[in-house]
Amino acid sequence: MRIAVVGAGTIGLAWAALFAAYGNDVTVTDPRDDLDAAVDEALPMLAAGLPGNDAADLRSRIRTTHDLAEAVAGVQLVQENGPEKLEFKRQLFADIARHAPDDALLATSSSGIVATLIAEPLPDLVAARLLVAHPFNPPHIVPLVEIVPGERTAETTVEAAMALYAALGKTPVRLHKELPGFAANRLQSAVLQEAIHLVLSGVVDAGELDTLMKASLGGRYAVVGPFESFHLGGGPGGVRHMMEHLGPGLAEGWQRLGHPELDGDAVATVVGQTEAAYGSGPEAYRQRAALRDRKQLALNAALRQADHV
Ligand SMILES: NC(=O)c1ccc[n+]([C@@H]2O[C@H](COP(=O)([O-])OP(=O)(O)OC[C@H]3O[C@@H](n4cnc5c(N)ncnc54)[C@H](O)[C@@H]3O)[C@@H](O)[C@H]2O)c1
């Protein structure tokens, strides 16, 4: 398959590596002056998380160009990863649609802008092929892709996207309604809200909160998810018992959750504690990101193995 990756930042570069690892011909386009250097620099770390582990092999299937029209000509899929701004994405997709084949699937990696809004100024035939395919960072390793069609997205486009991302080893989940932030980021946002509240209240510092999370909910939710966890927590009586037993207290607990203000002092506390725990700058980023990827890959492999015992 021929694929265009539009936007070569954190997300676009990881998609490009993943697409190439599955044998596709990838063209990456971005106006950035250092486009080739950015691809060359990112590939070794990305390759370490992909089948084959071979950066040179991936590079042989990735072309670069500053010319959007050239990048999208003749492709079956366009994966857009430009800045997260509605007007910007509208203009970008208008340009993409002018030059891409009439049957190409048009996907945006947007973290929160719905396809209906992006497609608003576009003709029906383009809107029918456009949807959100939102990865979780890092896209070449974390399995989820949220598939979120807009009001005018064709059902055939949704089905094609579900099949395409599954064939790339991803776990696509289709949302039945579009809403800002989709589903996974809304969950993440709820957790982050309470995490920041706990840190600002002095209950734990940022590093301690991360330890607490990784040693409890983090691993648990990779294994069972909130609803199955709740169901199993009720013993043989399951979720019915849990709802009778803990349901009223659960709803009361929601009233006590924090609503932190992100003012200057709050930001300084969060940034200071996080940088104190994990360092800052390019070298710290490379080290921590590589460790994160190794652990996530080990988790993916262990879960795959456990599923097949
Ligand atoms: N970073 C994340 O954790 C994450 C996760 C999932 C989805 N996303 C989404 O993915 C998209 C990209 O995010 P990112 O974090 O990679 O951003 P980023 O800032 O790292 O990269 C954006 C890239 O877009 C390029 N760009 C600017 N104008 C362009 C144009 N006209 N054509 C092509 N490229 C252009 C920039 O040069 C830059 O390289 C956003 O929509 C974001 O919401 C981000």
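The values are calculated or read from the model by the stated rules, or taken from the named source; none is laboratory data. Here the structure is a predicted model, which means the values were calculated and not measured. Cβ: placed from backbone, ideal geometry, glycine included. Neighbour counts: every protein chain shown. To get the accessible areas, we keep the full protein, side chains included, count just its heavy atoms, and leave off ligands, DNA and RNA. Shrake-Rupley method; radii C 1.70, N 1.55, O 1.52, S 1.80 Å.
How large, in percent, is the carbon and sulfur part of the accessible surface of the chain at a probe radius of 1.4 Å? That share works out to 59 percent. Between the helical axis of 264-278 and the dominant principal axis of the chain, each derived from Cα atoms, what acute angle in degrees is found, rounded to the nearest 10? Approximately 80 degrees, to the nearest ten.
Excluding HIS176 itself, calculate the net charge of residues whose Cβ lies under 15 Å from the Cβ of HIS176, where each Lys or Arg counts +1 and each Asp or Glu counts -1. So the environment of HIS176 carries a net charge of -2.
Largest first, the three principal axis extents of the alpha carbons in region 130-188 are 30, 26, 14 Å in whole numbers.
Measuring spread by the Cα atoms of the chain yields a radius of gyration and Dmax of 21.1, 61 Å. Debye-formula intensities of region 51-103, expressed as log10 I(q)/I(0) at q = 0.13, 0.21, 0.25, 0.29 Å⁻¹, are -0.42, -0.86, -1.01, -1.15 (one equal scatterer per alpha-carbon, no solvent).
Based on DSSP H segments of at least four residues, each scored -39500 (n - 2.57), the chain has a per-residue ellipticity at 222 nm of -17000 deg cm²/dmol. Separation of region 210-275 and region 24-61, taken as the distance between their Cα centroids, equals 37 angstrom. Take TYR221: with every protein chain present and a 1.4 Å probe, its accessible area is about 100 Å². Given R₀ = 30 Å, what would the calculated FRET efficiency be for LEU257 paired with HIS176, taking r from the Cβ atoms and rounding to 0.05? Step by step, r from the Cβ atoms, then E = 0.70. Output ³J(HN,Hα) for region 128-133: one whole-Hz value per residue in order, computed from phi by the Karplus curve 6.51 cos²θ - 1.76 cosθ + 1.60 with θ = phi - 60°, and x for Gly and Pro. Couplings: 5, 9, 9, 8, 8, 10 Hz. The charge dipole of region 184-278, taken about its Cα centre with unit charges on the Cβ atoms of Lys, Arg (+1), Asp and Glu (-1) only, comes to about 480 debye. Mean projection of the Cα convex hull over all viewing directions, computed for region 2-174: 8.3 nm².
Judged by the gyration tensor of its Cα atoms, with axes a ≥ b ≥ c, region 184-278 is prolate; a/c meets the 1.5 cut and a/b is the larger of a/b and b/c.
Bridge orientation summary for region 2-174: considering DSSP beta bridges with both residues in this region, about 15 percent are antiparallel.
Most simply put, the chain has about 15% antiparallel DSSP beta bridges, counting only bridges with both residues inside it. Its relative contact order, with pairs defined as Cα atoms under 8 Å and 6+ residues apart, puts the chain at 13 percent. When the Cα positions of LEU131, GLY207, PHE230 are compared along the charge dipole of the chain, PHE230 comes out farthest toward the positive end, with charges on each C-beta of Lys, Arg, Asp and Glu. Amide hydrogen proximity for VAL28: with H placed 1.01 Å from N in the peptide plane, the residues at 5 or more positions away or on another chain lying under 5 Å are VAL5, ARG63, THR64, THR65. Computed from Cα positions, the angle between helix 155-167 and the longest principal axis of the chain comes to roughly 80 degrees. Here's the picture: charge each Lys and Arg Cβ at +1 and each Asp and Glu Cβ at -1 in region 2-174, and of ALA56, THR153, ALA97 the one pushed furthest to the positive end of that dipole is THR153. Per residue, the accessible area of region 184-278 comes to 70 Å² when a 1.4 Å probe rolls over the protein heavy atoms.
As a length-normalised measure over Cα pairs under 8 Å and 6 or more apart, the relative contact order of region 2-174 settles at 20 percent. Each residue of region 215-220 was assigned a 3J(HN,Hα) from its phi angle through the Karplus expression (A = 6.51, B = -1.76, C = 1.60, θ = phi - 60°), giving 7, 9, 5, x, x, 4 Hz with x at Gly and Pro. Backbone phi angles across region 8-15, fed through the Karplus curve with coefficients 6.51, -1.76 and 1.60 (θ = phi - 60°), yield HN-Hα couplings of 10, x, 3, 7, x, 5, 5, 4 Hz in residue order; Gly and Pro are listed as x. Counting lysine pairs in the chain whose alpha carbons fall under 26 angstrom apart, excluding pairs fewer than 8 residues apart on the same chain, gives 7.
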